[in-house]
Every structure is written in structure tokens, then in C-alpha cells.
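What follows is a single structure, written as C-alpha cells, with notes after it.
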Amino acid sequence: MNEIKIAEKKNVTFNNVLSRRLEAIDEESVDKSSKMFESYVKREGLTPYGPLIVRETTKLVGKEIDQKSEMLIQVKEAPSNVADPYAFEPKVRLEGCLMARFIGPLDKMHMAYSKMQVYAYEHDINLGPVNYTVLSKGEDGEFTADIFNEVL
């Protein structure tokens with residue numbers, strides 16, 4: 001049976017975070033960007049750790065929706081210099097988030113975001129414009145995604 005689990009008041013911290021803007025979020029784009037990121041990290045002599053993280057920020061600008069997606073990777077040591085189009089944040093900490101855990105194919109992950117929205121609506125929770133998806137691919141080809149959405 002497929003299930004998406006929701007939890008409230010979750011905290012998450014990411015340290016020494018390198019980021020790069022993503023043009024699209026599909027398996028091919030994520031794979032390509034991930035390889036480019038990997039090359040950059042190796043070239044700079046940095047040591048990555050942990051799973052891939054995607055940060056999405058959604059804002060309403062007039063009547064248009066502006067969505068920005070970034071790929072994040074944690075590294076063991078802080079880089080001395082970061083080349084454009086990469087950016088560095090020493091720490092990203094989120095407290096009191098709504099979290100959804102999804103296990104399945106990437107093309108079905110949108111259901112976890114939808115379930116999170118419905119859960120928030122049903123429980124009078126105001127979600128913020130930023131969410132973080134911690135994404136890892138299992139040996140069976142399925143993805144595990146822990147989605148953290150800030151709560152206002």
C-alpha cells in the first residue's frame with residue numbers, strides 16, 4: 001500500500017550548504033544538475049555529505065506565480081571562495097515545519113506536496129512560501145523524499 005506520512009513541528013538543519021539554481025525539476029534535469037554540481041565540488045576539493053536537497057520558493061507577484069528552485073548539497077568544510085552560479089550558506093535551520101515523507105517514483109512525488117497542502121488546510125496551518133525536499137534514490141529505483149515546509 002502506498003502512503004504519504006505527514007508530521008508537524010519538525011526541525012531540520014543543513015550545514016555548509018552549496019546551492020545552484022535549477023531550471024526544471026524532473027528526473028533528467030535533477031540528474032544533469034547533480035552531475036554538474038558533483039564536478040564543481042570535486043574541482044574545488046570539497047567533500048559532500050548527505051542526500052540531495054531541493055529548495056523551492058513560490059511567490060505571488062501580481063497575478064503571476066514566481067517559482068524559484070535550487071539544488072543544495074552539504075559539504076564538510078566551508079569553501080573559501082564560491083564561483084557564480086553557486087552560492088554558500090553556513091547554516092540553514094528550519095523549526096516547527098510541516099513534513100511529508102514520500103516513497104515512490106519521482107513522477108508521483110507531486111502527490112506529497114498536495115497532501116501536505118490539504119493537511120495544512122484541514123488543520124488551519126499557514127504554510128510559508130519555502131519548502132525543502134531531501135531526496136535520495138534507493139537501489140530499487142524508487143525515491144524517498146522528506147519534504148519540509150515552513151509554517152507561518
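Can you spot a residue in region 44-65 that is small (Gly, Ala, Ser) and modelled with pLDDT of 90 or more? Scanning region 44-65 turns up no residue that is small (Gly, Ala, Ser) and modelled with pLDDT of 90 or more. Is there a residue being surrounded by 13 or more Cβ atoms within 10 Å (Cβ to Cβ) and over 19 Å from the mean Cα position of the chain (by Cα) anywhere in region 45-68? Scanning region 45-68, I find at least one residue that is surrounded by 13 or more Cβ atoms within 10 Å (Cβ to Cβ) and over 19 Å from the mean Cα position of the chain (by Cα), so the answer is yes.
If you take the residues in region 102-144 that are modelled with pLDDT of 90 or more and touching a Lys or Arg at 6+ places or on another chain (Cβ under 7 Å), which one is nearest to Val61 (Cα to Cα)? If we take residues in region 102-144 being modelled with pLDDT of 90 or more and touching a Lys or Arg at 6+ places or on another chain (Cβ under 7 Å), then Pro129 is nearest to Val61 (Cα to Cα). For a quick check of your reading of the model, give me the residue pairs whose first member lies in region 107-118 and is within 18 Å of Lys137 (Cα to Cα), whose second is modelled with pLDDT of 95 or more and among the small types (Gly, Ala, Ser), with beta-carbon atoms closer than 6 Å and at least 6 apart or on different chains. Qualifying pairs under 6 Å: Ala112/Ala100.
Please find, among Arg93, Arg101, the residue that is touching a residue at least 24 places away in the same chain (Cβ under 8 Å), under 20 Å from Gly50 (Cα atoms), basic (Lys, Arg) and exposed (fewer than 11 other Cβ atoms within 10 Å of the Cβ). When all the criteria are applied, what remains is Arg93. Of all residues in region 117-152, exactly one satisfies the criterion of being of a type in the set (Asp, Glu), surrounded by fewer than 19 Cβ atoms within 10 Å (Cβ to Cβ) and within 12 Å of Lys10 (Cβ to Cβ), namely Glu150.
The values are calculated or read from the model by the stated rules, or taken from the named source; none is laboratory data. Remember, predicted model here, so these are calculated numbers, not experimental data. All Cβ positions, glycine included, derive from the backbone under ideal geometry; neighbour counts span all protein chains shown.
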